[in-house]
1. Right, A:N476: more than 7 Å from chain B (Cβ to nearest Cβ), at positive phi and open to solvent by less than 70 Å² (accessible area, probe 1.4 Å) or not?
2. When you scan region B:314-425 for helices (runs of 4 or more DSSP H) that lie fully inside it, which ones turn up with 3 or more residues that are within 10 Å of another protein chain (Cβ to nearest Cβ)?
3. With B:A221, B:A250 as the choices, which residue is of a type in the set (A, V, I, L, M) and either in the same structural domain as B:K377 (by TED's automatic domain parsing) or open to solvent by 40 Å² or more (accessible area, probe 1.4 Å) (or both)?
4. Which condition from (1) more than 26 Å from the chain's Cα centre (by Cα); (2) part of a loop (DSSP other than H, G, I, E, B); (3) over 18 Å from B:K377 (Cβ atoms) is the one that B:Q171 breaks?
5. From the list B:I298, B:I268, which residue is farther than 23 Å from B:E220 by Cα, more than 20 Å from the chain's Cα centre (by Cα) and at pLDDT 95 or above?
6. Restricting to region B:449-463, name every residue that is part of a helix (DSSP H, G or I) and either buried (at least 24 other Cβ atoms within 10 Å of the Cβ) or more than 7 Å from chain A (Cβ to nearest Cβ) (or both).
7. So A:D293 passes all but one of these: (1) open to solvent by 10 Å² or more (accessible area, probe 1.4 Å); (2) more than 20 Å from A:Y223 (Cα to Cα); (3) more than 14 Å from chain B (Cβ to nearest Cβ). Which condition number does it fail?
8. What residue, of B:L238, B:L195, is over 30 Å from B:G355 (Cα atoms) and among the hydrophobic types (A, V, I, L, M, F, W, C)?
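The values are calculated or read from the model by the stated rules, or taken from the named source; none is laboratory data. Since the structure is predicted, the reported quantities are computational estimates derived from the model, not experimental observations. Cβ coordinates were reconstructed from backbone atoms using ideal geometry, including for glycine residues, and neighbour counts include every protein chain displayed. In case anyone asks, the SASA skips ligands and DNA or RNA and just uses the protein heavy atoms, side chains included. Shrake-Rupley method; radii C 1.70, N 1.55, O 1.52, S 1.80 Å.
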2 protein chains.
Amino acid sequence: MTLTKQGTEKIRVFALGGVGEIGKNMYVIEVDNDLIVIDSGLMFPDDDMLGVDIVIPDISYLEENRERVRGIILTHGHEDHIGALPYVIRKLNVPIYGTKLTLGIVKAKLAENSLDKVVDLRIIDCKSQILVGTTTVNFFRTNHSIPDSVGVSIETIQGSIVHTGDFKFDQNPVDGIYADIGKMATIGEKGVLCLLSDSTNAERPGVSMSETVVGQGIKEAFYGAKGRIIVATFASNLHRVQQVINAAVAVNRKVTVSGRSMVKIVSIAMELGYLKVDLDTLIKVEDIDKYSDDEITILTTGSQGEPMSALSRMAKGAHRQITIKPSDTIIISATPIPGNEKSVTKIVDLLFRTGAEVIFGQKNVHTTGHGCQEELKLMLNLMRPKYFIPIHGEYRMQHEHCKIAKTCGVKDDHVFLIEKGDVIEFTNGEAKLSGKVPSGNILIDGIGVGDVGNIVLRDRRLLSKDGILVVVVTLNKASNAIISGPDIISRGFVYVRESEQLLEEAGVLVTQTLTKCMVENVNEWSLLKSNIRDVLSRYLFEKTRRRPMILPIIMEV
Amino acid sequence: MTLTKQGTEKIRVFALGGVGEIGKNMYVIEVDNDLIVIDSGLMFPDDDMLGVDIVIPDISYLEENRERVRGIILTHGHEDHIGALPYVIRKLNVPIYGTKLTLGIVKAKLAENSLDKVVDLRIIDCKSQILVGTTTVNFFRTNHSIPDSVGVSIETIQGSIVHTGDFKFDQNPVDGIYADIGKMATIGEKGVLCLLSDSTNAERPGVSMSETVVGQGIKEAFYGAKGRIIVATFASNLHRVQQVINAAVAVNRKVTVSGRSMVKIVSIAMELGYLKVDLDTLIKVEDIDKYSDDEITILTTGSQGEPMSALSRMAKGAHRQITIKPSDTIIISATPIPGNEKSVTKIVDLLFRTGAEVIFGQKNVHTTGHGCQEELKLMLNLMRPKYFIPIHGEYRMQHEHCKIAKTCGVKDDHVFLIEKGDVIEFTNGEAKLSGKVPSGNILIDGIGVGDVGNIVLRDRRLLSKDGILVVVVTLNKASNAIISGPDIISRGFVYVRESEQLLEEAGVLVTQTLTKCMVENVNEWSLLKSNIRDVLSRYLFEKTRRRPMILPIIMEV
């Protein structure tokens, strides 16, 4: 089965990640026999996913239908859109489509995993028209907080399925590259069956501030600074990086780059032509002392308070090369991502304590990469979709975006607020909710993919709350006697030294319990253990109001 | 030594909590032999204080100087100002001064700890002038997000030491009770040696919104609602509670109160006359089904996403009496306290999923209880202090408040940005930084006060990240033989079922290590254990990139 007449063409659209959550973006468009994946992102773990490094989508549906998966299209190079690739590609090595910068970043990422040689990377640009399987795909340029972002239009007999990627409309883009409004309008005029659009800022009225305004804010801060200037921002925000470099050049400062991810992305961007900087302007971190303070700019990571980042290390006085001076000016050119507020302000307070000038939380040194309500309306009005699916956002953002779509003329019952795995099926130009595909979180901890699940997490939560008490006893069953122990070992429960009496009494209780069991001829191990657990648990809760995990170990000789 | 001439009077001012942090407020003013404590609050634990319930100030300085402690003055009834009392009072049973509502709340709190009979509670009002020891203390009324809040003026020969408590200036207070601007001006005119002022909103320009505006926002939401209305707010914000009740009455709705702390505080406030409500308006939760939905208002707790709160239970469909209906309107009349953003939005998203109308994050249904920059300036200009100490705030807020004080005419070197324990000493009207007193965090976990410290927390952090592996072996040293084991038990590390091979190989490694040790006659237990730990740790990190805690247990028979 290849192309079919409108009468029988079946389209299925669903999300494996990215709806009901921020991050882990992965969308699937099935046009008859062609299964096309858009984005393949990761998410950072929630607070209750203890010890987990990253979270990726469950792709078991894709694996089960591997012979129909025609390719992965990437909208841009952010981790929440490309971060799951090293894991996905190991199970599903299909062609990957993306713009030059996006694939540049992907290639470096895959190289770290020794996967760059085995993948089929295919560069597209916003003018490309490609066939993925037998399905035609077009692109349109958007503005976002990373260059070279695109939206995707998948052409079907029933009309286009349009996926916006992350977008905003910046009327003064830093690189002079505007969003493709004309092309969007053309796609809209040809007929959009369904629009999947970015909901991140659906709760925010008005329009997002232009990146260029941020450049002016940064420049002003540069004019006012007397000593060194340290700017912390997202490494991938190359527009921002460019503007920092421009500000530095304007006041005759050199720029040094600190922080692993910043160094990496700056080098990729320079190689591919996405950063314009005189080699003369860049200096090595080791060389900053060769210049006077007012000739130095340090561009760094750590704007989210990441504990191991360059900025954190500077704040704690633990950076090998850079010690903050009271004459320094530190610009945090970012806002905390929800959940990071406390770690960011902790670092900011440490920076304030150094006596340096800290510019933080001021509106003109950062802007969002996502369109606000008026921009979302503009997208809807350009595309004039028959059906609408809000993506990229937590539930309430999707909910708000649905309301916006209705104000732009999408019919009430043509709006689908989908959750992960919900399938919307289109036939004869009509849509309906049609079942579910498997979806969920795969947790990555160290090298392990998916070997940390609910039981392990439950144990980690218990352990983190009140610690563990290990009780070891050696029994001789033949003689019904305790040969050695009980030894009680506490980790994360109480200070042993200050709780000697408590632990001693606990030991006495264990001995009594075991003796009683043996007298009563209860000698099944599982019963002995659960008796010990019950008795100790009750005793410790009464004495401390805590419930440590209790692990009885009975050795038999 | 009692009262002295100006020439020799010595005043010492310091914070045992509340500076460099939000919460745990406790300030000490020493006037010669009189030691006066202002507030005695708790703080909720940081994310890295795993398993800890609450944090209180280290009061060892007060204990060492117990014969000079004359009393504790409370500025208002919030937990971050009174929450440490049950612990402090057990060690230091001195008179407690506070307004009627504040002491009403304190009394209920102490009663829960069976302490209400043994304490000496002394009611003051904003007109009181009292002697604490031999020192005269006056009060002035402020506006805040709980009624009956006061500022404190401690009169000394060198001038007044003024402590604002938490405050804002509300030009349209809900209860018609205005801040005592005239009295503040009078205190200022008599001469303020030092002002300690609330820095919580020092980063926010302008003025805070009046609580009355919030009342209008709530009323509008009430007019628009068709089904039941559920309002979540802070229990102690009795102005807010009053306005919800007023709105309900205005549209002929009954009010039911749900959530332990809300029930408690509403009953205290009604008893003491701080809430005006017809008994006829209040109904029991059990009776809500006797009324039609548009006659019901449910006032509840949980605006901070607390997992066990009434609102959380409703959102999860786990509330015994209240099940959310799609026709309900839910008003979150609060903003998330920093650090609570994610837990709040998680609950809000669950509420959205029920299909109910959710009003969240809208500016007109909540306001702050703390004055913004223009109000801080007004306080400074009324008091005209010689010296200034910013309190109630994290470092950057105190820093901002210092800048504000300087714009209001306080001399640059008369501003002290103190950290916990820093002592400012005043003699002959001149101030200087004069050493430090002990200060710190006392962690409370269950019944234990201070028995959880760095080692226990470090263990909990390790356990929470990668779990624990317990390795048990029984040796016979005489014969140099392993009698039983190694048994390996994993908790919070990996699923045992999916990692059988890994754990089996780990067991083999342990056996090899022990055998080698015994051959080499290494038979000191600590050495055996550290060898096992090293070998296993290396092996597991290589295989999993995780570092579980490893607990080797060697039994000897």
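1. Details: more than 7 Å from chain B (Cβ to nearest Cβ): yes; at positive phi: no; open to solvent by less than 70 Å² (accessible area, probe 1.4 Å): yes.
The answer is no for A:N476.
2. Values: elements: B:341-353, B:373-383, B:395-407.
Helices (runs of 4 or more DSSP H) meeting the threshold: B:341-353, B:395-407.
3. Working: B:A221 fails: either in the same structural domain as B:K377 (by TED's automatic domain parsing) or open to solvent by 40 Å² or more (accessible area, probe 1.4 Å) (or both).
The match here is B:A250.
4. Going through (1) more than 26 Å from the chain's Cα centre (by Cα); (2) part of a loop (DSSP other than H, G, I, E, B); (3) over 18 Å from B:K377 (Cβ atoms) one by one, B:Q171 breaks only (3).
5. Values: B:I298 fails: farther than 23 Å from B:E220 by Cα.
Exactly one residue qualifies, and that residue is B:I268.
6. The first filter runs over region B:449-463 and keeps only residues part of a helix (DSSP H, G or I), leaving B:454-463.
Hits for region B:449-463 are B:N454, B:V456, B:L457, B:R458, B:R460, B:R461, B:L462, B:L463.
7. (2)
8. Numbers: B:L238 fails: over 30 Å from B:G355 (Cα atoms).
After ruling out the rest, the residue left standing is B:L195.
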